[in-house]
1. What about Ile278, is it loosely packed, with under 10 Cβ neighbours inside 10 Å, hydrophobic (A, V, I, L, M, F, W, C), out of contact with any Leu (no Cβ under 6 Å at 6 or more places or on another chain) and modelled with pLDDT of 85 or more?
2. Exactly one condition in (1) within 19 Å of the chain's Cα centre (by Cα); (2) more than 23 Å from Ala175 (Cβ to Cβ); (3) at pLDDT 75 or above is false for Val28; which is it?
3. Kindly evaluate Ala44 against the criterion of being part of a helix (DSSP H, G or I), surrounded by 20 or more Cβ atoms within 10 Å (Cβ to Cβ) and either modelled with pLDDT of 85 or more or not hydrophobic (A, V, I, L, M, F, W, C) (or both).
4. State which residue is surrounded by the fewest Cβ atoms within 10 Å (Cβ to Cβ) when the search covers only region 281-322 and only residues that are assigned to a loop (DSSP other than H, G, I, E, B) and touching a residue at least 60 places away in the same chain (Cβ under 8 Å).
Amino acid sequence: MASLPSDRLAVDPPFTHVGLDVFGPWNVKSHRTRANNIDCKRWAVMFTCLSTRAVHIEVIEAMSTSSFINALRRFLSIRGPVKHLRSDQGTNFIGACKELQIDTQGPEIKAYLRDQSCTWTFNAPHSSHMGGVWERMIGLVRRILDGLLLQTSTTRLTHEVLVTLMAEVMAIMNARPLVPVSNDPEAPEVLSPAMLLTQKAGAVPTPPGDFELKDLYKAQWRQVQGLADHFWKRWRQEYLATLQTRQKWKGEKRNVKQGDIILLKDSQVKRNEWPIGIVVKAIPSEDNRVRKVEVKIVKQGTIKTYLRPVTDVIVLLSEAETNV
């Protein structure tokens, strides 16, 4: 396993180095006509600080690059300037960008980022594990929210309720512990992203009273608290209970080299049909470990070249063996 990137260890203010992803959509009630309610879709953009692990969520309401820039501007106005943005090229993010008509390479976004002195880096395709620091959070939150809002589709959420719910979700996530809880009664409060952001040890107090499913059909503020309580219960069961030390990839292996004959993993084809190709370029990281390669394969009679992480290639013959 590689050393942590410099973004994760930089001594900078929170949200200086950020990973982002887009998730959703959900249907919300926009306004009422004489005949019925008008529904529209909403998405959310999650920004994750790579050093403090804090998260910030902004709701997007329009399918345009302008709406995404507005969300980015709201984030920068609240959290301050960002030096570096990171995101993956997975189907979720790329698909959301296409659905939102966001051109991450377009002149409008590039000009805005240039004015903000900010750079945007994309991980290699099919390598979401390289962005695990934010993929872990957004994958879990997406699963909980999708299941939660699917069950409560009859409550007719409004835009205001959804935005408030995202704020409650953000508070719950930022209150999670970053280090193991000590058994020492004299030990200080457990460190959390919220403590680093607010410089306050206490969590945001919840309104008095118990909130049940029946509250989803009452006043809007009770709807939000009922949904937030259900999110907390699933967050506690599906995330907090799994916090433990994980160690893997401790053994040293040979680097993939140019000229290696490989088998390229492809989840879109049936078994025994993975294409065989050759490594045409090995791309080393700063520690001289190769984690990305360019591979050439023949697909449907056409020679194609792909950029892939080494986790998606299986070396069949090394470069030295092919020359024998």
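1. It is false that Ile278 is loosely packed, with under 10 Cβ neighbours inside 10 Å, hydrophobic (A, V, I, L, M, F, W, C), out of contact with any Leu (no Cβ under 6 Å at 6 or more places or on another chain) and modelled with pLDDT of 85 or more.
2. Going through the list (1) within 19 Å of the chain's Cα centre (by Cα); (2) more than 23 Å from Ala175 (Cβ to Cβ); (3) at pLDDT 75 or above, Val28 breaks only (1).
3. no
4. Asp287
The values are calculated or read from the model by the stated rules, or taken from the named source; none is laboratory data. Quantities reported herein were computed from a predicted structural model and do not represent experimental measurements. In this analysis, Cβ positions are derived from the backbone assuming ideal geometry, glycine residues included, and neighbour counts consider all displayed protein chains.
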